[in-house]
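What follows is a single structure, written as structure tokens, with notes after it.
The values are calculated or read from the model by the stated rules, or taken from the named source; none is laboratory data. What you are looking at is a predicted structure, and each value in this text was computed from that prediction instead of being measured. So basically every Cβ, Gly included, is an ideal-geometry build from the backbone, and we count neighbours across all protein chains shown.
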Amino acid sequence: MGDRVSLLETGRFAQSHDDAEEETRHRRAAESGDIASMSALGALLLRRGDLDGAEPHLRAATAAGDRAAANNLGVLLHQRGYAEEAAGWWRVAAVAGSAAAAHALGRHHRERGDEPAAEYWLRQSAESGHTLGAYALGDLLEHRSDIGAERWFRAAAERGHREASYRLARILDKREGEAARGRAGPGAESEAEKWYRQAAARGHRRAALHLGTLLEKRGETQEAGRWYLTSAKDGEPRAACALGFLLRDAGDTDSAAVWWHRAAQEGDGNAANALGALHADRGETQTAERWYRTALDAGDINGAYNLGLLCAEQGRTAQAEQWYRRAAYAGHREAANAVAVMLLQRGDAAGAEPWFSKAAEAGSVDAAFNLGILHAGRGEERAAQQWYERAAAAGHTEAALQVGIALLREGDDREAERHLRCAAGGGSAEAAFRLGALLDRPSADGASPRGSLGRAEMEPVVPEYEEWYERAARQGHRRAQVR
């Protein structure tokens, strides 16, 4: 049921700095028959852990109709293991208006799977202004995917409940992601940040992690690093891993390795993969393999894919394929593409195609391009073009070149130019040459090629097509070099 202090009726009796003096005062009054003092004395002893001393005073006050005593008697009985009897006294107190008892009773019913009863009592507690009741109701509603959860998390968060602040921030953060895709209104991101900050400031390590992630996406890497550090020091391995990547990007690979090592030891597969890649780059293949295996053991399927890459680099083709297949069967799209490439290299185009398709449908840009090559090799130009266009739309340079070439054949110079510019901008020497050749053509009215004259004074300037020819030549394009 949780922390016993959270179930106590704490709003009625203020604790004195001198517990002994307070106990003496309440004990004397209780002996004189004062019901409020019996209840207060029972609560004091209960907080201290003296269940035997607390019980007779709480029972006496409860018998006299004191609702706080009934609630605390329920707490005491729950601690003794008498859950049903405890629930009976919580019901008595809740019916009498105790929000704390309604909260405890609601949690009792939820633990037993009676969600309708749980919701009823938690709502009674929450609507009475009880912070824990509001949070517990929000938790129950979110479990059912009920949008009403946000209201109650907010109510608890506004009263300083740390976990409620975090849960509210997660809801708002998710909504912000949907807004970015056009499915929700603006403004949620800033509010999510506000609640992440509130929870993180109260020591919530996952809130600190997500706050760091939000700040890093905005480019505020210094503050992001501070929150990652805070979260990592509190034991959050994902924050330690994220901090490692920030440090690596800043050029401090030694410090990055320290944090990745810490995260990997706590079970973070992403950090183990990062360590593996770091050692692989240094040529320390045995250490790299050990960390990739650690990542795989932690449930990160990237470990299997990286083991495949490592084996392939070492010429261990059969082992590489085994690792690629293991990752591919688990849904790793680039591993599926790698399996297909290996099959294609063995001449098994029929076996490769399903793997390319699986990878491409899962979002592998390289697989989409490879499917284009496969269909083009069979003379299936329309199917090839569809896959090239799909890969080009995702930023694949060579696919954009192929689309541009096809559009040139079809006479659609405007669209061809757009794709050739994308490919040339991505570093394709062939695209730069073909773009230069396209711009070098005279226009339909017989005018000079584009870019051959100045603007206002009509002074000769370097034509744009010459710039593309020059770029292609610098990249080693033979025809551009000898034209």
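For the condition surrounded by 16 or more Cβ atoms within 10 Å (Cβ to Cβ) and at pLDDT 85 or above, what is the one hit in Arg441, Arg434?
Arg434
Could you tell me whether the range 239-255 includes any residue that is modelled with pLDDT of 95 or more, of a type in the set (D, E, K, R) and within 17 Å of the chain's Cα centre (by Cα)?
No, that holds for no residue.
Could we say that Leu229 is crowded, with 20+ Cβ neighbours inside 10 Å, out of contact with any Asp or Glu (no Cβ under 9 Å at 6 or more places or on another chain), free of Cβ contacts under 8 Å to residues at least 24 places away in the same chain and in a helix (DSSP H, G or I) here?
The answer is no for Leu229.
Just to verify a result, which residue in the range 35-44, among those that are surrounded by 24 or more Cβ atoms within 10 Å (Cβ to Cβ) and aliphatic (A, V, I, L, M), is farthest from the chain's Cα centre (by Cα)?
My answer is Met38.
Restricting attention to the range 462-483, which residues are in contact with a Gly (Cβ under 9 Å, 6 or more places away or on another chain), surrounded by fewer than 19 Cβ atoms within 10 Å (Cβ to Cβ) and part of a helix (DSSP H, G or I)?
Matches in the range 462-483: Glu464, Glu466, Glu467, Glu470.
What pairs come up if the first residue lies in the range 415-438 and is within 13 Å of Ala399 (Cβ to Cβ) and in the same structural domain as Gln481 (by TED's automatic domain parsing), the second is of a type in the set (Asp, Glu) and in a helix (DSSP H, G or I), and their beta carbons are under 7 Å apart, counting only those six or more places apart or on different chains?
What qualifies is Ser428/Glu398.
Residue-by-condition table, conditions (1) surrounded by fewer than 16 Cβ atoms within 10 Å (Cβ to Cβ); (2) at positive phi; (3) not in a helix (DSSP H, G or I):
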position	(1), (2), (3)
Leu275	no, no, no
His279	no, no, no
Gly283	yes, yes, yes
Gln286	yes, no, no
Glu289	no, no, no
Thr294	no, no, no
Gly303	no, no, no
Leu307	no, no, no
Ala312	no, no, no
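Select from the range 415-434 the residues that are touching a Lys or Arg at 6+ places or on another chain (Cβ under 6 Å) and under 8 Å from Gly404 (Cβ atoms) and list them in ascending order.
If the condition is that a residue be touching a Lys or Arg at 6+ places or on another chain (Cβ under 6 Å) and under 8 Å from Gly404 (Cβ atoms), then Leu420 is the only one that fits.
Just checking: which of the helices (runs of 4 or more DSSP H) contained wholly in the range 316-435 hold 1 or more residues that are among the β-branched types (Val, Ile, Thr)?
Hits in the range 316-435: 317-329, 333-345, 365-377, 397-410.
Has the range 359-378 got at least one residue that is closer than 25 Å to Phe245 by Cβ, in contact with a Phe, Trp or Tyr (Cβ under 6 Å, 6 or more places away or on another chain) and modelled with pLDDT of 95 or more?
Looking through the range 359-378, none of the residues is closer than 25 Å to Phe245 by Cβ, in contact with a Phe, Trp or Tyr (Cβ under 6 Å, 6 or more places away or on another chain) and modelled with pLDDT of 95 or more.
Does the range 357-378 hold any residues that are of a type outside the set (A, V, I, L, M) and over 28 Å from the mean Cα position of the chain (by Cα), and which are they?
Phe369, Asn370, Gly372, His375, Gly377, Arg378
Hey, can you tell me all the residues within the range 368-425 that are surrounded by fewer than 20 Cβ atoms within 10 Å (Cβ to Cβ), farther than 24 Å from Glu470 by Cα and among the aliphatic types (A, V, I, L, M)?
Ile373, Ala376, Ala383, Ala393, Ala394
Go through the range 159-173 residue by residue and tally those that are charged (D, E, K, R) and not in a helix (DSSP H, G or I).
1
Sort out which residues of the range 123-158 are more than 23 Å from Lys174 (Cβ to Cβ) and either of a type outside the set (Val, Ile, Thr) or modelled with pLDDT under 95 (or both), and write them in order of number.
Correct list: Arg123, Gln124, Ser125, Glu127, Ser128, Gly129, His130, Leu132, Gly133.
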